[in-house]
Structure formats: structure tokens, C-alpha cells
Amino acid sequence: MNPIIKKALQIIIPFGFGGFLVWYSLSDIDLNKLLDDFKNANYWWIGLSLLFGILSHISRAYRWSFMLEPMGYNPKLTNNVLAVLVGYLVNYTIPRAGEASRAIVLTNYEKIPFEKSFGTIVAERIADLLMLFVIIIITLFLQFDFIWELLTKNFDPIKIGVIIGGLLIAFTFFVFYIKKAKSGIGLKIKNFASGLIEGMMSIFKMKKKWSFIFHTVFIWIMYILMFWVVTFSIEGLSVPLGAILVGFIAGAFSIAVTPGGIGSYPLSVAAAFVLFGVAEGPSESFGWIMWSSQTAMVIFFGGLSFLALPIYNKQK
């Protein structure tokens, strides 16, 4: 396939799917009720959510310096913050290009080689993925009875056991195959997995590893808080802790489906809330208010950062 057509499809398909999900979601909603919820929302809570979001971005920029320092680079914190915000904005326009744009910013304004700064971004993404898994495990532990009841209510327990057993056996054979692989795709997966493990272990070898771990935990606490406080902005919306955690996880995965979670985020979060008995209307309104506020923040601060970078670095 022509490389230009391939790249175009990589952009068009996710946005097209996101557009379809937006239409699908809004076609099943009382738009007047949704507009009323936007109009009557308590924007103090939404503002607090945005504050938590900004704190997470600043913490991410500060954490980044811990990974660059061992290589002999000490970029200005301001450039790190601006690069992070630009990266989030780029992810809304070109899927999965935000990480590369962050590295490009530091290459242009701090003279840090692209491959080195990009390598640190990959390593920190591994740390973030690990934190997401921790949150999933905590959620499963806290909501085990509810999740088990939900599964057994809709599926045969014997079939669930067979599926889990089959997956474990398949995973065991897969790991054995990868360990023994010496060529082909097996070797590529093996090298990739080794790189991921090495990246995770490098976190514990850095000089300021405890500061890095603190900021990683802080970032994800801010993410959960920015999600949770918005539930107070909608009158009549009462969301239990289990729904908050499951909704947060559903929203996190939905962002990987479409650029910035367009269309998929409100649907996923609302579906998670409904499982816990939360009313469908307020759940849908929450999803759209949460997504809209965060998207507005990314566009505003990302665009501002894009303009500020050359002004701040005018000497360069």
C-alpha cells in the first residue's frame, strides 16, 4: 500500500469511527436534557477537575527530568511542561503522534537527541501502564463480589472457568514459545518484551527513583480525582466508589480506541456507571461533560503552549 494512503487511513479511520460513536451516542440521548445538564452543571467542581488535570501535567513534565538527567541533560522545566501540553494536543489531531512531538520539542529547543528523549517517553509510558494495571487489580479486589455476580448472572460459571483455564494454558504455551524463539516474529516479541522489562527496571536504577515513583503515583491520583469531582457537578448524580473506579478504567481504555476518546469516552463511562445502577441520563451527561471539559483544557493549553514555545525560546 502507498505510504501516503496508509498514513491517511491511520488518521481518517480513527476519526471516522469516533464520529460514528458521537452520532450513535447523541442519537440515543435526550439532547434537551443533555443541554440542561451542561447549563446547570456546577462549574466550580469542573474547574477543580481542570486544576487536578493541570497538576498532573506539571508533575509529568517534572518527572520527565528525572529520566533525562542520568544522560547528562537538564532541560528547563518550562520547556518540559510546554512539550507535554503540545503532545496532548497533537494526540487529538494525529493519533499516537503526541509522544514523538514531545521528543521533537526538546530536540528543537534543548538540543536533546530525538531517540534519547523518545526512549525516556516510552519508559515512562511503561510506568503509567503499570499504574493502570495496579488500579485495575485494586478495583477487582474491592469489587470482586459485584464483578463475579455480574459475570455469573450473565454467563455460565463453568464456561467462565473453562475460558479462564484455556487462557492460562494458552498463555503458558505462548511464554514458552517466546522464550525459545530464535528467529521470526517470536524473536521480535521476545526482544520487545525484554525491552519493556528493561525499561521498567531502569526506573529503579535511576538516581531519583523514589521521586519518580512518587510523581507517577501522584499523576494517577490526580487523574482519579479529576474524574471523581466532576460527579458532584451534576445534580442528582450519585456514583458509588466501585462505579468511579470501573468508569475511570473504561474511560482510560476508550482513549486508545479513538483520538482523545472522541465518541468512545462518554459511551464507555456511561455504560460502566449504568452497570452499578446509576441512572442512564445523568451518566451520559457526566461522560459528555467530563470529556468536553478535558478536551477544552487540552486544546486551550496545548494551543497556548504551541504559541509560547518559540516566544519563550526566542534566544534559540
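Bear in mind that the values in this text are calculations on the coordinates, not laboratory data. These figures come from a predicted structure and were not determined experimentally. In this analysis, Cβ positions are derived from the backbone assuming ideal geometry, glycine residues included, and neighbour counts consider all displayed protein chains.
Around F286, under 11 Å between beta carbons, what's the net of Lys plus Arg minus Asp minus Glu among the other residues?
-3
I need F286, F173 ordered by Cβ neighbour count within 10 Å, fewest first.
F173, F286
Karplus couplings for the stretch 268-273 from phi (6.51 cos²θ - 1.76 cosθ + 1.60, θ = phi - 60°), rounded to Hz, Gly and Pro as x?
5, 5, 4, 4, 5, 5
Sequence-distant or interchain residues sharing an amide H contact under 5 Å with Y92, placed H: which?
Answer set, sorted by chain and number: none.
What would the Debye formula give as log10 I(q)/I(0) at q = 0.12, 0.15, 0.16, 0.20 Å⁻¹ for the alpha-carbon point model of the stretch 58-145, no solvent?
Taking Cα atoms of the stretch 58-145 as identical point scatterers yields -0.41, -0.58, -0.64, -0.88.
Spelling out what I want: for every residue of the stretch 70-85, take phi, set θ = phi - 60°, compute 6.51 cos²θ - 1.76 cosθ + 1.60 (Karplus), and round to whole Hz; glycine and proline get x.
Once rounded to whole Hz, the list reads x, 8, x, 10, 10, x, 5, 4, 4, 5, 4, 4, 4, 5, 4, 5.
Return the sequence-ordered ³J(HN,Hα) values of the stretch 228-234 in whole Hz as given by the Karplus equation 6.51 cos²θ - 1.76 cosθ + 1.60 applied to θ = phi - 60°, using x for Gly and Pro.
Using θ = phi - 60°, the values come out as 5, 5, 5, 4, 7, 7, 10 Hz.
What's the extension gain from L35 to T93 if we count 0.36 nm per residue and subtract their Cα-Cα distance?
My answer for the length gained is 18.3 nm.
If Lys and Arg each add +1 and Asp and Glu each add -1, what is the summed charge of the other residues whose beta carbon sits under 14 Å from the beta carbon of W45?
-2
Arrange the following residues from fewest to most other Cβ atoms within 10 Å of their Cβ: E284, E99, E69, E115.
E115, E69, E99, E284
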